[in-house]
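Heads up, the thing below is written out as structure tokens.
Any read-out appearing in this document is the output of simple, stated calculations on the displayed coordinates, not a laboratory observation. Just so you know, these numbers come straight off a predicted model, no measurement behind them. Reconstructed Cβ throughout: ideal geometry from the backbone, glycine too, with neighbour counts over all protein chains shown.
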Amino acid sequence: MSPPQSSATVASRADFTMNLDDDNALVERARKGDFSAFERLFDRHRLIAFRFAYQMTRRIDDAEDLVQDAFVRAYNNLHRYRDEARFTTWLLRIISNLATDRARMSKRRNNLEQQEATGALVWMTDTSNMDPISNLEKDRRQIAIEKGLAALPVHHRTVIILRDIEERDYQEIAAILGCTVGGAKLRVLRARRALRDRVAPLIGDELQ
Amino acid sequence: MKHKHQDSIIRLAFGEHDSETEKRLLEAGVGDADSQKEFELVSLIREGLKKAGHDTPQCQMSIERVRDAILNQNIRETRNSATFWSWASVGVAACAFLYVLSNNRSSLPETRLVSNTEKTNFLQETPTMSDKQPDTQVVSAWQPSVLSGANVSAHKPKETTRKVADRPSLPAKWNDITSSIVKRTAETVARVATRSDATRNAHAVPFALSDASASIQNELFDSAVTGEQGEPIILINTDTDTDTGAQVATEVQSFENIPIGG
């Protein structure tokens, strides 16, 4: 039978546990070689990371590869992590950079982006790679918006996902992008304008 | 529609105007019909983006995958390190081979490295059979001049002497011998040509050439036997010395009274 514990003791233990579970504390433990601390960090942030990666790539396997690479890079660069930034912000920044690098390095993706950027509307009518049942379930407008988003250049796509899908505030977006808050607002505005220009010819007729 | 107005509508549709501006714009009805249509379009896009965030599939990733990736990365780094050192050793071996090869090349005979021009010069400077060819050509080139008259002696020897003197690195002794031979030959030919009239020239030239040939032979013999002036001549006998077992050698200052021949 365990001895009775005072409320102060329980509270201090809870604080101690909270401190241990704090991201910065976990990072500090992981730096010292405690891999279980890094496992805790992974469990805590993997959903956020995967959601953002999936929005960036729109493919499950690509998103998982991206998240895996991001956590490996984070593990290798734990000594560079600074406590002033949140671990989530730091992780999303890594994913954003990786996604940008992949988009730039992949010729196939670049070719696709160029084809779509030239104004060809084939990508709107070509739904052969999609599940027909899924096509029936989704309305045409939603498909147009999602494909228009996927066809955006990666820097526009990143800020729209962060702001309008992940619904992060501008301060965090600025931290992820490594720019000022005003710069983040300007980037988001430009990206929305670019998305609007792509989507408007396709769904604008529904408004008439 | 101007960008500024369009941006204002976009901000309004995404709810990023401050409350006063938003209230004012909504009360004013956004603007004209185009602006209203633009507002509806951007609002649709905003709703679509929100919906797009809801269809994210379930994350199936596990920490084992990341751990394996980290471990494989370490293995890959080790492999990369081994590959680096193996390639580095190959590079060092290649450099050493090139160094040895370059050293060997520098110690090779010079004839392997000279160009065609240098080779030609070298052959001209070397007293070989090919080197005597211009002299022969000069002698045979005199023949028509001899047939034409006596002014040959004034030109041809000078030309021949100039040609011989142009050779830069011919041994001085060889130059002297050659110039002497050519000069004597030219004098003999000129003397015969002067004495002979036009009808006898055809017979006189072979005699002149034979005289010149004899003169050349004598000159070569003298130079070969005498050697440099003042140098002693060493005669090697067939008898052997009882002390050393080697052939007996005799040193003389002059070649006179010494029989030569078999």
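Pairs to check: A:Lys147/B:Lys51; A:Lys147/B:Lys4; A:Lys185/B:Lys50. Give those whose C-alpha atoms are more than 24 Å from each other in this structure. Please report the intermediate quantities before stating the final value.
Numbers: A:Lys147/B:Lys51 13 Å; A:Lys147/B:Lys4 27 Å; A:Lys185/B:Lys50 19 Å.
Too far apart for the 24 Å limit: A:Lys147/B:Lys4.
Over segment A:17-70, what is the mean sequence separation of C-alpha contacts under 8 Å (at least six apart), divided by residue count, expressed as relative contact order in percent?
20 percent
Show me, for segment B:45-54, the HN-Hα J-couplings you get by feeding each phi into the Karplus relation (A = 6.51, B = -1.76, C = 1.60, θ = phi - 60°), rounded to Hz, glycine and proline as x.
4, 5, 5, x, 5, 5, 5, 4, x, 8
In percent, what relative contact order does segment A:10-106 have, based on Cα pairs under 8 Å that are 6 or more apart in sequence? Intermediate results must be reported in sequence, preceding the final value.
Details: 62 pairs, mean separation 24.8, N = 97.
Relative contact order of segment A:10-106: 26 percent.
Taking θ = phi - 60°, what integer Hz values does the Karplus form 6.51 cos²θ - 1.76 cosθ + 1.60 yield along segment A:152-163, in sequence order, with x for Gly and Pro?
The phi angles translate into 5, x, 4, 6, 5, 5, 4, 6, 5, 4, 5, 8 Hz.
Modelling each spin label as a point 7 Å along the Cα-to-Cβ direction, I'd like the B:Lys23/B:Asp7 distance in nm, to one decimal.
2.5 nm
Evaluate the distance, in nm, between pseudo-label points positioned 7 Å from the Cα of B:Asp243 and of A:Phe35 along their respective Cα→Cβ axes.
Distance between label points: 9.5 nm.
Give the residue list of GluC sites (Glu not before Pro) in segment A:21-98 that are DSSP loop and have at most 13 other beta-carbon atoms within 10 angstrom.
Details: sites: A:Glu28, A:Glu39, A:Glu64, A:Glu84; in loops: A:Glu84.
Hits after loop and neighbour filter: A:Glu84.
Report the net charge of residues surrounding A:Asp34, where surrounding means a beta-carbon distance below 12 angstrom and charges are Lys +1, Arg +1, Asp -1, Glu -1. Walk me through the numbers on the way to the answer.
Working: positive: A:Arg29, A:Arg31, A:Lys32, A:Arg40; negative: A:Glu28, A:Glu39.
Every neighbour counted, the sum reads +2.
Quick one: 3J(HN,Hα) in Hz for segment A:169-176, Karplus 6.51/-1.76/1.60 with θ = phi - 60°, rounded, Gly and Pro as x.
After applying 6.51 cos²θ - 1.76 cosθ + 1.60, I find 6, 5, 5, 5, 4, 5, 5, 5 Hz.
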